[in-house]
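Okay, so here's the structure we're looking at.
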Amino acid sequence: MIEAGDPWQLLMFPEAASSISSRVDHLFWAMVVTCGLVVLLVFVLLLVFSIRYRRGSRADRTPSARLNSNHWLEIGWSVPVLVGFLVFFAWGAVLYLDLYDPPAPADGNVREINVIAKQWMWKFQHPEGVREINDLHLAVGQTVRLRMTSQDVIHSFFVPAFRIKQDVLPRTYTELQFTPTKVGRFHLFCAEYCGLQHSGMTGEVVVMSPPALQGWLDRQGQTRTPEQDGARLFRSYGCSGCHAPDSSVHAPNLAGLYGKPVPLANGTTVRADAQYIRDSILLPSKQVAAGYPAIMPSFQGQISEADVLKLTAYIQSLTEQETDPP
Amino acid sequence: MSALSRTDAAEPASYLNAGYGLKSWLLTLDHKRIAWLYFISITGFFFLGGAAATLIRLELLTPAGDLLSDNAYNQMFSLHGIVMVWFFLIPSIPTTMGNFLLPLMLGARDMAFPRLNLLSWYVFILGGLFTLTAVVAGGIDTGWTFYTPYSTMFSNGAVLAAATGVFIVGFSSILTGINFIVTTHKMRAPGLTWFRLPLFVWAQYATSVIMVLATPVLSVTLVLLGIERAFGIGIFDPALGGDPVLFEHLFWFYSHPAVYIMLLPAMGVVSECIACFAHKRIFGYKVMAFSILAIALFGFLVWGHHMFVSGQSIYAGVAFSLLSFLVSVPSALKIFNWIATLYKGQIRFDAPMLFALSFIGLFLIGGLTGIFVATLALDVQMHDTYFVVAHFHYVMVGGMVSAYMAGLHFWWPKITGRLYPEMWARVSAIIVFVGFNLTFFPQYILGWAGMPRRYHAYADEFQLLNVFSSAGAGLLAVGYLLPLLYLIWSLRYGARASANPWDARGLEWTVSSPPPVHNFARVPRVEHEAYAYDQPQ
Amino acid sequence: MTDKPQANAKDARVRRHFFTLYLFLLAALAINMGSTLLDLGVVAVPLRLAMAALMAASIALIFMRLRDSAVLVRLVAATSLLWVVFLFVLSFSDYLTR
Amino acid sequence: MTSRSNRTTVIIAHQFESADQQLDADLLGMWLFLVTELLLFSGAFLAFSVYYHQYSEAFSAAAGELHWLLAGFNTALLLTSGLTVALAEQAAVENNRRATLGLLALTIALGLAFLALKGYEYHSEYRAGLIPFLDQPFAFDGPDPIHAMLFYNFYFTLTGLHALHMIIGLSAMGVILVSGYRWRDRHRVARQVRIAGLYWAFVDIVWVLVYTSLYLVGR
């Protein structure tokens, strides 16, 4: 980060610290140069015409035939400008789709981090179970996918150095995938106005080398992973009463469910992603699975967002053969 | 004002001295006096919004939030937004110059519905009172955007009073819009075909179409918000499966066309000033007229560019981004046509022309940065940062307020019968231009660097540019106070104005300054084209 | 007292149109309500909405005399429908592609 | 009844040149106002249809609880009042004072009957515990009660908004009935009935859409 007294403050540019940053910067500077030229052209034209044709000047003002209307000239200067700017539209759209509908990363492993935004703090949940408030430790070069939800109003996860921003909506999951490429400490801001201490809802993203991150995680002490927490909650909330394979109640088997298409009672099918699992826990009658009675009670208000994320992590970890909790 | 001119013996009979006393002003049906009622009220709201802006700029001098508490700061930017948008920018040119000049430019004796015109002012004042009670009774801290679920469930400010105030002032907009549309269609003088109308009338017409088509959606959105907050009728409540993004859709369906309500009248004024002070016909009159209508139409198709990172589907984002690029074409056309109007003209640099030229420069920068934030990948970085704040201030303050000043000075002799002090007006135009750029250009850099908007405490490295911005705001305030002083001064001591001090073309310049009560002794016949500057008046 | 009401042929025809429209509206309402008793499957919703739109359009054309109004008034009515289409189509472009 | 000579010439406001310029302006102004009303309702309809798209089963189940037969009869009442106001308008054009005032009164009566039936319907829903706001107990035994609450919120909002517009229309017609009773200026009364008729027909159109989308689409 730039220290307060740094002379760069005047023409400050955000650092480029994620895989998409430099590509966005190229687009930005290409547009700055193009638009700068247009402004310069208009400024020069205004200046020249103002001076040459000021009242009383001896400039040549013989009215030409097309002095008051020249459609070809109008088309001449508007169509090229439009086509030129549509290049920026396409360039921006491609980058945008890369950011929000990202191709699977080369080495395949994506670090899933759960993010819960609540009025005026950020809560992070690492796959290893380590939990952080406002600060987020990441490994350089490691692709990260944030699964974010809010407990109250709309917030927005914004790291200027990574050129990423995504609103965090209450009761729905929004996702954001990026890859830090530079070691260092970067600002985290909440960008969507969320009330009294909106300007205090900030933090730091600390990007370290992978071994340094592993060292930091170990130093956080022995913590149960979300899967282990999820398994414990699976029993304590009585989910296993119906959903364990040996239970007498006719309820869907959750093994290997995550990611599979689920036929619903109303004939449509939906993919069992995190949103489906969350809604099935808190609003079970919203999407009833086909062939099962809608008898599941709603746990709305009993299970917190953080516990739902742990249960989801546990259900996600139930592969085909492993059906009873470890 | 009228009391002042009574003492002047050689006072020609005009609408100003046609009646004295409070009743002749508060119950008037004369569109010219109603324009005065609006002019005084929006000037008051402008300086109220300006005071809030001054406090915000003072607060942002230091990174720590030390001048105002966070709650007070949130109330200040909300007040600045609500008052400036609904009580100054939207009504300003249509209700003052539009009300005063439309019948004069059309050759009519008054608006189609004079009583409706006065009612719209009273509805405007009623809406203002509600909003001001919100300020007193606990303050409003939701910003002018009222996003749910914060505004319905988590804000403890007087959201209901402010929402009711804006709901009521929306009807003032609708009444003005209906009045202008019917007047333009039904009350043109004989011979005044559509393509002989001044572009100012085209701009008022297109603005009124937007007011009529967009404002009702804001009204129903505020009703839904109000009943959710007051009676718990959960419409956008996420607990019931409601969707806050749906509120954003309904809000921005109105609020983007609203920025064209603010912008189009300004374009009309600039067309009049450029043509008059270059003493030359507008270049490409028909293209200029159709560009105004195209902006009004396309303005309704682009609202999704406010929601690129809000959880809106990314494919809808791509569609809205493309449509937003297309909406910039008519604006670009108009800028080039204004420049082409200067070619081979007889250019004078009176104050209205200085303001009009600064409109072209500042609106161009505002428009081009609009294309930046319409570009999907850049908006991810710039959304909700000071880049967006700088963009809309360049278009609103640099564009619309400059044009408002241009129109105010251009038609001041016609409205008051007095000439303003030319030297002081040029000085204030230059101060406004310099102060404006010093205030808002640093915010572009802050925005790209990532300083979020609506922060009352910010990271240390943003301070230097914020200090420049606050200094510029001081200069801008001086630039806006100057006209208040010398214009009021001119009401009493300004030289008396002739019917056509600028040798301009248009029916409003054929009547005396200030015009008689019924505008035209007999309805004028129009034979020649608009902006016939190549023929003597 | 007041001059005698003058009713001519055209007025009688207008009144006849009103009564035929009224009967059509009652019939359309009956059909729409009846359709809820049959099991029409997926086509039920669009059918009922189309019937309601037909009733609305006929009220506008005949009761509100849109059919023989000035071109400008018909343009205003058409514009308002176009703007409602803008609102629905672009809003659903978000919800259908999420 | 004082029978002063009926004014044959039309009174023209000072800013207009001719009578039909004045009538055209009034009609255009009224149609523009109806455009704003249409967009006001379409904003609420957009919200309803977005949620219907997302929670169609819950909304269908909730719609099943409504008194669709009673409301169907109510719709027929309103369509009848649409007819009577159109006939009143026609009678006013034909300078038929008795028919105009009679049909206008009949229209108002039908409108009040509609509101009475609507009030009864609201009362029965209140007793059945289907009011999800003003912290009333919400006893909905069908599937997915949470989204059913959303449906009932829209049911009360849309029908409430419509009822408010009916009250405005009824009071306008009431004023015309009283002020036009002595038939001093029949052209002015004809113009007022024409404008009120436009507004009332619009209220009919909104109810047809509200009735179909709330009661019928879900069944």
**Message:** Please determine whether any residue of the stretch A:64-77 is modelled with pLDDT of 95 or more, more than 22 Å from B:His279 (Cβ to Cβ) and surrounded by fewer than 12 Cβ atoms within 10 Å (Cβ to Cβ).
**Reply:** no
**Asked** Does the stretch D:49-69 include one or more residues that are in a helix (DSSP H, G or I) and over 30 Å from C:Gly34 (Cβ atoms)?
**Response** no
**Message:** Checking B:Asp350 against (1) more than 9 Å from chain A (Cβ to nearest Cβ); (2) buried (at least 23 other Cβ atoms within 10 Å of the Cβ), only one condition comes out false. Which one?
**Reply:** (2)
**Asked** Name the pairs: first residue in the stretch B:224-235 and more than 7 Å from every other protein chain (Cβ to nearest Cβ) and more than 13 Å from D:Phe156 (Cβ to Cβ), second residue in a helix (DSSP H, G or I) and of a type outside the set (A, V, I, L, M, F, W, C), Cβ to Cβ under 8 Å, at least 6 apart or on different chains?
**Response** B:Leu225/B:Ser151; B:Leu225/B:Thr152; B:Gly226/B:Thr164; B:Arg229/B:Ser151; B:Arg229/B:Thr152
**Request:** Considering only residues that are under 27 Å from B:Val287 (Cβ atoms) and not aromatic (Phe, Trp, Tyr), look in the stretch B:511-535 and name the one that is surrounded by the most Cβ atoms within 10 Å (Cβ to Cβ).
**Result:** B:Ala530
**Request:** Among the residues of the stretch B:48-86, count how many are part of a helix (DSSP H, G or I) and more than 18 Å from B:Ala137 (Cβ to Cβ).
**Result:** 18
**Fill in**
Given the conditions (1) in a helix (DSSP H, G or I); (2) touching a helix residue (DSSP H, G or I) at 6+ places or on another chain (Cβ under 7 Å); (3) among the hydroxyl-bearing types (Ser, Thr, Tyr), every one holds for B:Tyr122 apart from (2)
**Asked** Inside the stretch C:60-88, can you point out the residues that are over 30 Å from B:Phe320 (Cα atoms) and more than 10 Å from chain D (Cβ to nearest Cβ)?
**Response** C:Leu61, C:Arg67, C:Asp68, C:Val71
**Request:** Considering only the stretch A:124-156, state which residues are part of a loop (DSSP other than H, G, I, E, B) and either away from chain B (no Cβ under 14 Å) or in contact (Cβ under 8 Å) with a residue 60 or more places away in the chain (or both).
**Result:** A:His126, A:Pro127, A:Glu128, A:Gly129, A:Val130, A:Asn134, A:Val140, A:Gly141, A:Gln142, A:Thr143, A:Gln151
**Fill in**
Picked from the stretch A:44-69 (must be closer than 29 Å to A:Phe88 by Cβ and more than 7 Å from chain B (Cβ to nearest Cβ)), the residue nearest to the chain's Cα centre (by Cα) is A:Val44
**Prompt:** When both residues are 6+ apart or on different chains and their Cβ atoms are under 7 Å apart, which pairs have a first residue that lies in the stretch C:77-98 and is of a type in the set (D, E, K, R), and a second that is in a loop (DSSP other than H, G, I, E, B)?
**Reply:** C:Asp94/B:Gln312; C:Asp94/B:Ser313; C:Arg98/B:Ser313
**Message:** Among the residues of the stretch D:200-207, are any of a type in the set (Asp, Glu), within 14 Å of chain C (Cβ to nearest Cβ) and within 22 Å of the chain's Cα centre (by Cα)?
**Reply:** yes
**Request:** Would you be able to tell me the number of residues in the stretch B:182-204 that are facing another protein chain (nearest Cβ under 9 Å) and surrounded by fewer than 24 Cβ atoms within 10 Å (Cβ to Cβ)?
**Result:** 3
**Asked** Taking the stretch B:446-460 on its own, how many of its residues are buried (at least 21 other Cβ atoms within 10 Å of the Cβ) and either free of Cβ contacts under 8 Å to residues at least 60 places away in the same chain or part of a helix (DSSP H, G or I) (or both)?
**Response** 5
**Asked** For the stretch A:81-131, how many residues are buried (at least 18 other Cβ atoms within 10 Å of the Cβ) and of a type in the set (Gly, Ala, Ser)?
**Response** 4
**Request:** Answer yes or no as to whether A:Ala244 is among the aliphatic types (A, V, I, L, M), more than 30 Å from B:Trp448 (Cα to Cα) and surrounded by 17 or more Cβ atoms within 10 Å (Cβ to Cβ).
**Result:** yes
**Fill in**
The one condition A:Leu169 fails out of (1) surrounded by fewer than 18 Cβ atoms within 10 Å (Cβ to Cβ); (2) under 13 Å from the mean Cα position of the chain (by Cα); (3) not small (Gly, Ala, Ser) is (1)
**Fill in**
Counted residues in the stretch B:163-193 being touching a residue at least 24 places away in the same chain (Cβ under 8 Å) and over 20 Å from the mean Cα position of the chain (by Cα) come to 12
**Complete:** Going through the stretch B:108-120 in order, the residues found to be under 22 Å from the mean Cα position of the chain (by Cα) and surrounded by fewer than 23 Cβ atoms within 10 Å (Cβ to Cβ) are B:Leu116, B:Leu118, B:Leu119
**Request:** Could you list, in sequence order, all residues of the stretch B:87-119 that are over 30 Å from D:Ser18 (Cα atoms) and either in a helix (DSSP H, G or I) or within 12 Å of chain D (Cβ to nearest Cβ) (or both)?
**Result:** B:Phe87, B:Phe88, B:Leu89, B:Ser92, B:Ile93
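Listed here are the residues, each with its yes/no results for (1) under 17 Å from D:Leu66 (Cα atoms); (2) free of Cβ contacts under 8 Å to residues at least 24 places away in the same chain; (3) small (Gly, Ala, Ser); (4) touching a Gly at 6+ places or on another chain (Cβ under 7 Å).
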residue	(1), (2), (3), (4)
D:Leu134	no, yes, no, yes
D:Tyr155	yes, no, no, no
D:His165	no, no, no, no
D:Arg182	no, no, no, no
D:Tyr199	no, no, no, yes
D:Val210	yes, no, no, no
**Prompt:** In this structure, does D:Leu115 turn out to be hydrophobic (A, V, I, L, M, F, W, C), within 14 Å of chain C (Cβ to nearest Cβ) and either over 30 Å from C:Arg98 (Cα atoms) or surrounded by fewer than 22 Cβ atoms within 10 Å (Cβ to Cβ) (or both)?
**Reply:** no
**Message:** Kindly evaluate A:Ala117 against the criterion of being among the small types (Gly, Ala, Ser) and within 22 Å of B:Phe236 (Cα to Cα).
**Reply:** yes
**Message:** Condition (residue is under 24 Å from the mean Cα position of the chain (by Cα), among the aromatic types (Phe, Trp, Tyr), over 29 Å from C:Leu37 (Cβ atoms) and facing another protein chain (nearest Cβ under 9 Å)) applied to the stretch D:172-183: is it met by at least one residue?
**Reply:** no
**Message:** Would you confirm, using the coordinates I've provided, whether B:Ala278 is modelled with pLDDT under 95, more than 9 Å from every other protein chain (Cβ to nearest Cβ), more than 27 Å from B:Val212 (Cβ to Cβ) and over 19 Å from the mean Cα position of the chain (by Cα)?
**Reply:** no
**Some residue of the stretch A:72-88 being touching a residue at least 24 places away in the same chain (Cβ under 8 Å), among the aliphatic types (A, V, I, L, M) and not in a helix (DSSP H, G or I)** = no
**Message:** For the condition part of a helix (DSSP H, G or I) and facing another protein chain (nearest Cβ under 9 Å), what is the one hit in D:Phe73, D:Phe41?
**Reply:** D:Phe41
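The values are calculated or read from the model by the stated rules, or taken from the named source; none is laboratory data. These numbers come from a predicted model, not from an experiment. Cβ atoms come from the backbone with ideal geometry, glycine included; neighbour counts cover every protein chain shown.
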